[in-house]
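Here's the structure we're looking at; comments come further down.
The values are calculated or read from the model by the stated rules, or taken from the named source; none is laboratory data. Note that the structure is a prediction, hence the values are computed from the model and not measured. With ideal geometry, Cβ positions are generated from the backbone for all residues, glycine too; neighbour counts draw on all protein chains shown. SASA here: full protein model, heavy atoms, side chains in, ligands and nucleic acids out. Shrake-Rupley method; radii C 1.70, N 1.55, O 1.52, S 1.80 Å.
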Protein chains: 2
Amino acid sequence: MASDDIREGEIAVTPPPPTDAGLVFIGRIRTPWTARSETPRQGSFDGPICRLEIFEPWTQALAGLDKFEQVQVVYWLHQARRDLVLQRGHGHDGPRGTFALRSPVRPNPIGISAAALVGIEGSTVLVRGLDCLDGTPLIDLKPDRCVHSVVK
Amino acid sequence: MASDDIREGEIAVTPPPPTDAGLVFIGRIRTPWTARSETPRQGSFDGPICRLEIFEPWTQALAGLDKFEQVQVVYWLHQARRDLVLQRGHGHDGPRGTFALRSPVRPNPIGISAAALVGIEGSTVLVRGLDCLDGTPLIDLKPDRCVHSVVK
């Protein structure tokens, strides 16, 4: 953690200990990208298929997900530092507040992506549209609110 | 927690301890609703103004958020049980997998709402569109991906 250098204008704080609530990893995301330099800036529904491997005892919770075309994937950016309040984004002029950016660096490094549901094979969900590293821990999966279920 | 009765067809599991990662509450959400029976089923951009009170040391991280019209509010549903894999949603015929519902009851009870940004007053962000209880812990705040910033 916190291994990246701070750039000009960026501000780090001493964060309180992250002990207000605890997460359980419900699965693991398999993607083609094993280094941050390889990941796309943003996922695309035309991108490669990524696999969400769901752990027990949660696999039963997938029942009915196949009726949706689009899912919201929630994951834990386990390599991100958590202490920057001002940081430089891509293509911005100067530093900006963390809450005004979708950077992985934030007090609680939770990533939220909309993904296209390709299919479900046993305990594995196939999607397109992610941009995270291979091995990223999965913390939640929900139907995307803006998209209605398709009657099959 | 887990104080609600289980209804017909619902299935609870014994979840692993939630110790894979830790969250820090970055603020508190003030809404008009103090009991679950009062909260709307889904927030509306025509709904009442809700206040996101940001705690130190995170207030500097709001810099630049005022350029966005819509924000993604991420919060911790602290009253929700975490052990159901099949549950009954509103208006559905039978039980459905937790990951096929946007119910607050899930392994990691994280709520994600799009909200309209009304304004920022010091360390407080005013929004419309939430549906959570007064006092709900805030865990993140980001520009909504689908909406571009407005040049002011």
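Is there a simple number for the mean count of other chain Cβ atoms within 10 Å of the Cβ of residues in A:54-67, and what is it? Don't jump to the answer; show the numbers that get you there.
Numbers: counts 1, 2, 2, 9, 9, 3, 8, 14, 5, 10, 11, 6, 2, 2.
Whole-number average of other-chain Cβ neighbours for A:54-67 is 6.
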>> Under the convention of a label 7 Å out along Cα→Cβ, give the distances in nm from A:Gln79 to the same position in every other copy, shortest first.
In response: 4.1
>> Treating the point 7 Å from Cα along Cα-beta-carbon as the label, what are the nm separations from A:Gly94 to the other copies, to one decimal?
In response: 6.1
>> Run the label-point distances for A:Phe55 please: 7 Å along Cα to Cβ, every other copy, nanometres, shortest first.
In response: 2.6
>> Probe radius 1.4 Å, ligands and nucleic acids left out: can you give me the accessible area buried at the B-A interface, summed over both chains, in Å² to the nearest hundred?
In response: 5000
> Counting only protein heavy atoms, what percent of the accessible surface of the protein assembly as shown is carbon or sulfur at a 1.4 Å probe?
Replying inline: 49
> At a 1.4 Å probe, which residues in segment B:14-32 are at least 50 Å² less accessible with all protein chains present than in their chain isolated?
Replying inline: B:Pro16, B:Asp20, B:Ala21, B:Gly22, B:Leu23, B:Val24
>> Suppose all protein chains stay in the model; what accessible area per residue would a 1.4 Å probe give for segment B:24-143, in Å²?
In response: 38
>> Using the Cα centre of chain B as origin and beta-carbon charges of +1 (Lys, Arg) and -1 (Asp, Glu), tell me which of B:Pro16, B:Leu77, B:Val127 is placed farthest towards the positive end of the dipole.
In response: B:Val127
>> I'd like the residues of segment B:87-120 whose 1.4 Å-probe accessible area shrinks by no less than 20 Å² going from the isolated chain to the full set of protein chains.
In response: B:Arg96, B:Gly97, B:Phe99, B:Ala100, B:Arg102, B:Arg106, B:Pro107, B:Asn108, B:Ile110, B:Ile112
